[in-house]
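Encoded as structure tokens, the structure appears first; notes follow it.
The values are calculated or read from the model by the stated rules, or taken from the named source; none is laboratory data. The structure displayed is predicted, hence computed values, not measured ones. Methodologically, a virtual Cβ is constructed for each residue, glycine included, from the backbone with ideal geometry; neighbour enumeration extends over all protein chains shown. Note: accessible area is taken over every heavy atom of the protein model, side chains too, but ligands, DNA and RNA are not part of it. Shrake-Rupley method; radii C 1.70, N 1.55, O 1.52, S 1.80 Å.
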Amino acid sequence: MAQHIVVDPVTRIEGHLRVEATVDEASGKVTDALSSGTAWRGLELVMKDRDPRDAWAYIQRICGVCTTAHALASLRAVEDALGITIPKNANYIRNIMAATLTVQDHIVHFYHLHALDWISPVEALSADPIATANLQNTVLNAYKLPFRAPGVSSTEAYDHAFPAATPQYFAEIQGKVKAIVESGQLGIFSANWWDHPDYKLLPPEVHLMAVAHYLEMLDKQRELVTPHVIFGGKNPHPHYVVGGMPCSISMDDGNAPVNTARLDIVDRAINLGRTLVNNYYLPDLLAIGAAYVKAGRVDGGGMAKKCVLAYGAYPIEPFSGTTNGDFFKNLLVRCNGVVENFGQGVANAKFTEINGEDMQDSSVFTESVEHSWYEYSGSDSDELNPWDGQTKPKYTGPKVGTATEWQELNESGKYSWLKTPKWHGKLAEVGPLARYIVIYTKAQKGLLGEPTWAEKMMLDQIDAVSKVLNLAPDVWLPTMVGRTAARGLDCQLNAEINKFFFDKLIANIKSGDTKVANSEKWDPSTWPKTAKGVGLYEAPRGGLSHWIVIKDGKTDNYQCVVPTTWNACPRDDKAGHGAYEMAMMETQVKDPSKPLEIVKVIRSFDPCMACATHMFNTEGEKISVITTDPYSGTHVETGDK
């Protein structure tokens, strides 16, 4: 007998997500799955006829979590369209802000969004504080990965954040957790299936140690984003400017936005990120991941076995554009490409490069709306390049239920507010896992050439984790554990990239260069009558692209193809299921009434669903609000089918 499972909303993510799965009770196999973004974004319509120089400020309001990611992609799109090359300092600062976001985002995801899928405060109550203190030292020694960027400056004599490892400390944490549990009000630890058998895979001491780190990171993570405040004025939604950065540099003026004292604050934040990932994040992650692999939990790979995609990350020096191919010529991480069939072994995997010509070819990157609550002017089966993209809502309701009380969505019709992005007509997974699979595949096939220091670090990280797990990379990478591990490795990599670009910024300022913006094409009179641009960025959740068409000095069309659109998209009649749906279909479910495995594999992607948009008229009055979330709280429905 099969059971139909509904989890809506999926909690501990950004935004609104509903998943449905059909589970065979006898085998625990998911035979079909559906992923639905349940909120309409609409910001593409807000951008219509606006000044493209303001695009970054509007469009980063898509999200309150990964705000600077959308700002950066937007800036690159506009600068690509107008042919603007930013100064060296601006490139270094933007890279620092990007790396800062990635480090903080990954740490918050692991500890505060994903951790409670792996560890339980209830299990922590039976831990021995003495044994936990001993375990902390053992884990730190056994699972610490000592990788650093070569040749970067050393500005701290010792790590200023180190895990406590005393019985008294863990006894105190255990006491606090016990008081919460006994009160019957779990607060931040509520809304979970704590009696699920997965929580028995780890000893109680691991649970207590991880819960302690969960609480520590609630405080520590906020200090990581101070570079956004120094360079961008605030966080979230830091400031930028088309052509560079708005923060002037002076080593003499104590009131300057960027001076010696404030650069020291940036350096301390960068060093804290390096410390937290090395002393907390990676040891915790590898200890948990090793236990899961030992228990045979190597499922949840899904689309990672079939097709992954990345655009490439961190231009070392300023570039003149994306569509002309210059963006791809000087990348620190040359993961710009697609790997197909990685699940068949790296020898059988196929790599295809992504370059500037692909950005100009309207048939390479497209979006379809067959199963999305949108319509196209021609046919809903059309595949439109984002430059020609249309954002026309067409809500059709569920298969079973009412427009506001959904019971079962229509998998054969429309069922999501997300479109379906494609590369040459194929669906793909994006994210840290995709970046690592691309670099590893290129290296194994002799296509990487001489690796950059960052690429060599990625390969060394993969080798180190393979030894810990005692599995080949092409076995452990395309799994739920691999997806989670790749995010931790990416965090360590970005912490070192942060330091790398900080040193380049300091060296350039020392040379006498304090320029932060290029204003040569600021005036619209210097722009062509019509221009198109693409902005690419490897965001924490994966490949992000913004596409803009500028006509007569105004934004004529704007489309965002975000990482979660790639991963959480609805199925395609020709290309098959999206990454979320395929990952669910490669996950075993022990108890359909408590589908922890389903939400765990979904949260391994770090979902960032598009936020809803409220629109106002010129008098500031609300025009309309479209509410598509049928429920206000987490619930699970099961039923025979």
Quiz prompt | For Arg603, solvent-accessible area (1.4 Å; no DNA, RNA or ligand), Å² | solution = 10
Self-check item: Dipole in debye (nearest 20) - segment 397-512, about Cα centre, beta carbon charges: Lys, Arg +1; Asp, Glu -1
Solution: 300
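Want the number for Thr530 to Ala164: 0.36 nm per residue separation, take away the alpha-carbon distance, what's left?
125.8 nm
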Practice problem: Quickly rank 590-600, 78-88, 43-53 as a protection proxy: mean count of other C-beta atoms within 10 Å, highest first. | Solution: 78-88, 590-600, 43-53
Quiz item: Can you pull the accessible area of Thr138 for me, 1.4 Å probe, Å² to the nearest 10?
Solution: 80
Quiz prompt | Leading residue at positive end of dipole, the chain (Cβ point charges), from Val10, Gly543, Ile354 | solution = Ile354
Practice problem: Please name which of Gly37, Phe502, Gly431 has its Cα lying farthest along the dipole of the chain towards the positive end, using unit charges on Cβ (Lys, Arg +1; Asp, Glu -1) and the Cα centre as origin. | Solution: Phe502
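For Val562, Val400, give the ranking by accessible area with the largest first, probe 1.4 Å.
Correct descending sequence by accessible area is Val400, Val562.
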Quiz item: Which percent of the accessible heavy-atom area of the chain goes to carbon and sulfur, probe 1.4 angstrom?
Solution: 51
Quiz item: If r is the Cβ-Cβ distance from Glu182 to Ala291 and R0 is 41 Å, what FRET efficiency results, to the nearest 0.05?
Solution: 0.90
Quiz item: Which lysines have a Cα lying under 23 Å from the Cα of Lys88, excluding residues fewer than 8 positions away in the same chain?
Solution: Lys234, Lys329, Lys499, Lys504, Lys510, Lys515, Lys521
Quiz prompt | Other-chain or far-sequence residues with amide H under 5 Å of Gln407's (modelled H) | solution = Val400, Gly401, Thr402
Quiz prompt | Loop-resident sites, segment 1-92, for chymotrypsin sites (Phe, Trp or Tyr not before Pro), counting at most 10 other Cβ within 10 Å (DSSP) | solution = none
Quiz item: In nm, to one decimal, how far is the His112 label point from the Trp193 one, both placed 7 Å along Cα→Cβ?
Solution: 2.7
Exercise. Treating only the Cβ atoms of Lys and Arg (+1) and Asp and Glu (-1) as charged, compute the dipole magnitude of segment 42-161 about its Cα centre; round to the nearest 20 debye.
Key: 400
Practice problem: Return the sequence-ordered ³J(HN,Hα) values of segment 498-505 in whole Hz as given by the Karplus equation 6.51 cos²θ - 1.76 cosθ + 1.60 applied to θ = phi - 60°, using x for Gly and Pro. | Solution: 4, 5, 4, 6, 5, 5, 5, 4
Quiz prompt | lysines whose Cα lies under 23 Å from that of Lys414, excluding same-chain neighbours fewer than 8 positions away | solution = Lys392, Lys394, Lys399, Lys422, Lys426, Lys574, Lys641
Quiz prompt | Cβ charges +1 (Lys, Arg) and -1 (Asp, Glu), total dipole of the chain, debye | solution = 820
Exercise. Rank His112, Pro150, Ala77 by how far each Cα sits towards the positive end of the charge dipole of the chain (+1 on Lys, Arg Cβ; -1 on Asp, Glu Cβ) and give me just the farthest.
Key: Pro150
Self-check item: Gap separating the Cα centres of segment 355-408 and segment 1-39, nearest whole Å
Solution: 22
Quiz item: Counting only the heavy atoms of the protein chains, how much of Asp388 is accessible to a 1.4 Å probe, in Å² to the nearest 10?
Solution: 90
Self-check item: Solution diffusion estimate, µm²/s, Stokes-Einstein, segment 16-162, Kirkwood Rh from C-alpha pairs, 20 °C, viscosity 1.002 mPa s
Solution: 102
Practice problem: Tell me which label goes with the value of P(r) over Cα pairs in 20 Å bins from 0, in percent computed from the coordinates here: (1) 17, 45, 28, 10, 0; (2) 16, 36, 26, 15, 6, 1, 0; (3) 20, 55, 25, 1. | Solution: (3)
Exercise. Determine the distance separating the Cα centre of segment 72-105 from the Cα centre of segment 554-589; give it in Å without decimals.
Key: 26
Quiz item: How much area per residue is accessible in the chain when the probe is 1.4 Å and only protein heavy atoms are counted (Å²)?
Solution: 35
